[in-house]
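S.K.: Below you will find the structure I want to go over with you.
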Amino acid sequence: MGHPIVLNTVEKLQGPSFIPTYDALVFKLAGEAPAIPWHIDAFTDVDDAPIFNVDFYLDGSDLSNCVWGVPGSNSWPRDQIEAFLAERRDAPFDTTGAVPIVMLPGDALIHNILVLHGSAPAQSWYRRVLYYEFRSMETELRAGPHHPRYLPLKQQVLLGCLDERLSASYGHDEVPFEYRPAPEHAPAAMSSSAPDTYRYAHEDYWVSAT
């Protein structure tokens with residue numbers, strides 16, 4: 001979460017006032033990984049500040065187990081995306097119009113949450129991927145889905161991760177990322193001390209539930 005190259009890239013794409021939102025660790029077990037049907041991660045009406053995942057590949061992928069994506073599909077209208085998904089819903093995994101995304105161990109993949117992607121059944125080796133989603137605070141405040149009180153909590157999580165990386169042996173010789181949100185988005189007390197928790201349940205912060 002605190003990798004300076006990754007966070008500098010996020011800042012260039014989303015601006016300085018961003019937060020980490022969703023995160024997950026996904027396993028594909030050796031020899032028995034089912035297909036992941038074609039999908040997008042979420043529908044959204046936000047088009048001026050991209051929402052994307054950064055996928056950290058702990059293991060590599062090749063044509064036998066990689067994710068496939070449809071270039072440019074993040075710009076398609078919703079009805080075109082729904083037609084694509086309906087056409088392939090009950091059919092074997094079809095890569096027509098898609099490209100394979102082959103990764104090496106340690107690579108990071110950035111993909112817009114509106115991009116169509118999926119993967120065929122894999123009978124090859126074990127594969128683990130860490131997923132972190134980032135959103136601009138402006139996007140969250142305008143379109144949700146989280147309550148505004150969620151934002152400073154996730155800022156503290158990010159600052160805690162930056163502090164952890166700085167104190168780790170592998171972070172000593174790098175220039176750390178400096179988190180510089182716009183003044184109107186800075187929490188009342190910016191602190192690099194460890195937060196009380198690194199996990200906040202999304203359902204506790206949905207706009208509709210608060």
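What follows is calculated from the coordinates using simple rules that are stated; it is not laboratory data. As the structure is a computational prediction, the values presented were derived from the model and not from experiment. We place every Cβ from the backbone using ideal geometry, glycine too, and count neighbours over all the protein chains shown.
S.K.: Collect residues whose amide H, placed 1.01 Å from N in the peptide plane, falls under 5 Å from the amide H of residue 59; neighbours closer than 5 in sequence don't count.
M.R.: Excluding prolines and chain starts, which carry no amide H, the hits are 106, 128.
S.K.: A follow-up question, please. For helix 150-167, what angle does its Cα long axis make with the longest principal axis of the chain, in degrees from 0 to 90 and rounded to 10?
M.R.: It is inclined by approximately 90 degrees.
S.K.: Mind listing the Cα extents of the chain along all three principal axes, in Å, largest one first?
M.R.: 53, 40, 29
S.K.: Starting from the 7 Å offset along Cα-to-Cβ, what nm value, one decimal, do you get for the label separation of residue 8 and residue 180?
M.R.: 1.3
S.K.: Could you work out, for region 99-209, what percent of all Cα-Cα pairs fall into each 10 Å distance bin, beginning at 0 Å and stopping at the bin that holds the largest distance?
M.R.: That works out to 10, 31, 33, 22, 3, 0, in percent per bin.
S.K.: Excluding residue 7 itself, calculate the net charge of residues whose Cβ lies under 12 Å from the Cβ of residue 7, where each Lys or Arg counts +1 and each Asp or Glu counts -1.
M.R.: My count for the surroundings of residue 7 gives 0.
S.K.: May I pose another question? Around residue 110, which amide H atoms from residues at least 5 apart in sequence, or from another chain, sit under 5 Å from its own amide H, with H modelled in the peptide plane?
M.R.: 55
S.K.: Where the only charges are on Cβ atoms (+1 Lys, Arg; -1 Asp, Glu), what is the dipole of the chain about its Cα centre, to the nearest 20 debye?
M.R.: 140
S.K.: Going by alpha carbons, how many degrees (0 to 90, nearest 10) lie between the helix axis of 4-14 and the longest principal axis of the chain?
M.R.: 80
S.K.: If you don't mind, another one. Could you give the length gained by full extension between residue 126 and residue 164, i.e. 0.36 nm per residue of separation minus their alpha carbon distance, to one decimal place?
M.R.: Roughly 10.8 nm would be gained on extension.
S.K.: Another question about this same structure. When the helix-only estimate is applied to the chain (DSSP H runs of n ≥ 4, each -39,500 (n - 2.57), divided by the residue count), what is the mean residue ellipticity at 222 nm, nearest 500 deg cm²/dmol?
M.R.: -7000 deg cm²/dmol
S.K.: Say R0 is 35 Å: what FRET efficiency, to the nearest 0.05, do residue 204 and residue 90 get from their beta-carbon distance?
M.R.: 0.45
S.K.: Compute the helix-to-body angle for 78-88: its Cα long axis versus the longest principal axis of the chain, expressed 0 to 90° and rounded to tens.
M.R.: So the inclination is approximately 40 degrees.
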